[in-house]
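The values are calculated or read from the model by the stated rules, or taken from the named source; none is laboratory data. On a predicted model such as this, the values are computed, not experimentally measured, just so you know. Neighbour counts run over all protein chains shown; Cβ positions are idealised from the backbone, glycine included.
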Amino acid sequence: MIYRTTFGEYVTVRQPIVSVLGHVDHGKSTILDRIRGTKVVSREAGGITQHIGATDVPIDTIYTQCRSLIGDRKFNVPGLLFIDTPGHYSFVSLRSRGGALADLVVLVIDINEGMKPQTIESIHILKKLKTPFVIAANKVDLIPGWRAQIDKPIGESLEAQDPRVVGELDEKLYALAGRIYEIGGFSADRFDKISDFTKSVAIVPVSGKTGEGLPDLLLVLIGLAQRFLGSELSTEEGPGEGSVLEVKEDKGIGTAIDTIIYRGTMSVGDLLVISSTKGEPIQTKIRALLRPRPLDEIRDPSQRFDKVKSVSAAAGIRIVAPNLVDAMAGGQVRVVADNLEEVICEVKKESCISADLSDQGIIVRGDTIGSLEALAFEAKNAELPIRKIDIGNVSRKDVIEASNFDDPLHRALFAFNVEVNLDARDAARETGVRLFENQVVYRLLEDYDLWCEERKREMEVQSRLDISFPGKVSILRDHVFRVSKPAIVGVRILAGRIRQGQSLMREDGKTVGRIRSIRSGEKTLREAKMGDEVAIAIDDATVGRQIDVEDVLLVDIPESHARQLLEQKLSFDETEVLDKVIEIRRKENPFWGS
């Protein structure tokens, strides 16, 4: 659409790209179905969006739906291009060159359920990407006592409600605004109470089921686009650029890519460079451009696509071309006008994952660049280091690499929305590497945290088995069973514990021998604890020489073990014995154990 600016210039304005985000079952697709007059959500498995969709809503449709609010007022924006995603990480996988693909976002929140983990993650992402957003507080029709006013603006609908119902809605909106500030630091209020939309997030009460409030939502989006996104929406003539929504097999034509064109123009016969899952960008020529009709859905059209010769931004388009099997979802599509090598380099650069990597950390695999970058962002907030991150299924090589990491807590792999190869699963079982698989980031992080806690407990138990813990014994009178080779004597454990293989020393620091075995009656024990009376066999000791009855002996703790013990939480009696050993050893070496 062309309009004249206040400076007398004529500018062509494209449609703003509006992405719809929200928690599962909070009503994203239902709202879009109501605006379009379609029934896409009823055809989705379980009523849940499985794939990314795009819909062109022309300005005439918006005029019709908002007539009671705007009268004959006209806008410069030619309409809205909505993108419906199966999750907020699909949203971040859609990128234009240098930033997020969406100009605006509608964050759908069930007014009755409030914030969910995915809603919170969405707010974090929007804050990080600095993407302007509006909140659709959905399902107002489920507030007890609500009287549905089909397709009415929310102001008219509220006039028909009982004051008690209006009061309950206001309380819910107030609570929602508080949570938005708490989570993201954003000031938020009901849209009709906001005087400066640059300082507050607009909350629009709506019902996707009855259509109430949707005229207001459309008007807020058009108003924000026209008032604040003018320069971003001005189009430039030139080679087309786009972002791949999905790669799919189209019956009769082979592999095609659903794409959002966000800049320039594409035409049949144009040479394209496309991001590839194999690394080296794909070069191919457009064989056909298939465009869904206005208000129809690119992922699940109710009518046949229109075959067009060219398309300009912004638009959802299905591109048919050879060699698209390895095209990368979320990757770049660029028309080559002249400098092929330069375009290839730029596409390669945009296909690289931007994430902070560490020398130590876990390995992460995911389905798209954007989703991996979002996962890396959340992992950084959770202080979880990432050593390696890449697109594609988890391979055996990944597992073997993780199994050799020094830190046992880093011997883990995240599979985010990708498969784990069978040989990789076998390798994980063989090496003990832990695989975490999920399509929701916060669940991956939660599962990893739980595993870490469990693993730390296991490591602590093993550590206590490997380290020579403090122990003190007294040789009992009348309990010498053998004088030597080995000496076998009865002892009482006065403090701490003793184990097979530990060396014993006297309180003067002289080593007396090593514990060969511990027995209680006919039973052989691995260890004995304070209060136990047991028989021990001591190698290299002779009763009457190195040891004698009523002698007090201490576990001879190696210096490296003593350092580790100083970092651990010991019981009072264990601490007392450790202090005694350190005191004895520091008579010879003042820095022993430090």
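Some notes on this structure:
- With respect to the conditions (1) modelled with pLDDT under 85; (2) charged (D, E, K, R); (3) surrounded by fewer than 21 Cβ atoms within 10 Å (Cβ to Cβ), Asp60 falls short on a single one, namely (1).
- For the stretch 185-202, taking the residues that are among the small types (Gly, Ala, Ser) and in contact with an Asp or Glu (Cβ under 8 Å, 6 or more places away or on another chain), the one that is surrounded by the fewest Cβ atoms within 10 Å (Cβ to Cβ) is identified as Ser200.
- Taken together, Asp162, Asp151, Asp196 contain a single residue that is on the phi > 0 side of the Ramachandran plot and acidic (Asp, Glu), which is Asp151.
- Residue that is nearest to Val206 (Cα to Cα) [pool: residues in the stretch 63-86 that are of a type outside the set (Gly, Ala, Ser), part of a loop (DSSP other than H, G, I, E, B) and modelled with pLDDT of 80 or more]: Cys66
- Residue match in the stretch 390-405 (condition: farther than 19 Å from Ser243 by Cβ, part of a loop (DSSP other than H, G, I, E, B) and touching a Leu at 6+ places or on another chain (Cβ under 9 Å)): no
- Residues being at pLDDT below 85, outside any loop (DSSP other than H, G, I, E, B) and crowded, with 23+ Cβ neighbours inside 10 Å - total across the stretch 29-53: 2
- Number of the condition not met by Glu378 [criteria: (1) under 20 Å from Met459 (Cβ atoms); (2) in a helix (DSSP H, G or I)]: (1)
- Restricting the stretch 466-488 to residues that are in contact (Cβ under 8 Å) with a residue 60 or more places away in the chain and of a type in the set (Val, Ile, Thr) leaves a set whose member that is surrounded by the fewest Cβ atoms within 10 Å (Cβ to Cβ) is Val483.
- Subset of the stretch 157-183 (residues that are surrounded by 17 or more Cβ atoms within 10 Å (Cβ to Cβ) and of a type in the set (Gly, Ala, Ser)): Ser157, Ala177
- Within the stretch 544-593, being under 52 Å from the mean Cα position of the chain (by Cα), assigned to a strand (DSSP E or B) and of a type in the set (Val, Ile, Thr) holds for one residue alone: Val555.
- Consider the stretch 323-350 and keep the residues that are without any contact (Cβ under 8 Å) to a residue 40 or more places away in the chain and not charged (D, E, K, R). The one that is surrounded by the most Cβ atoms within 10 Å (Cβ to Cβ) is Cys345.
- Note on the stretch 444-474: residues that are part of a helix (DSSP H, G or I) and more than 25 Å from Lys397 (Cα to Cα) total 15.
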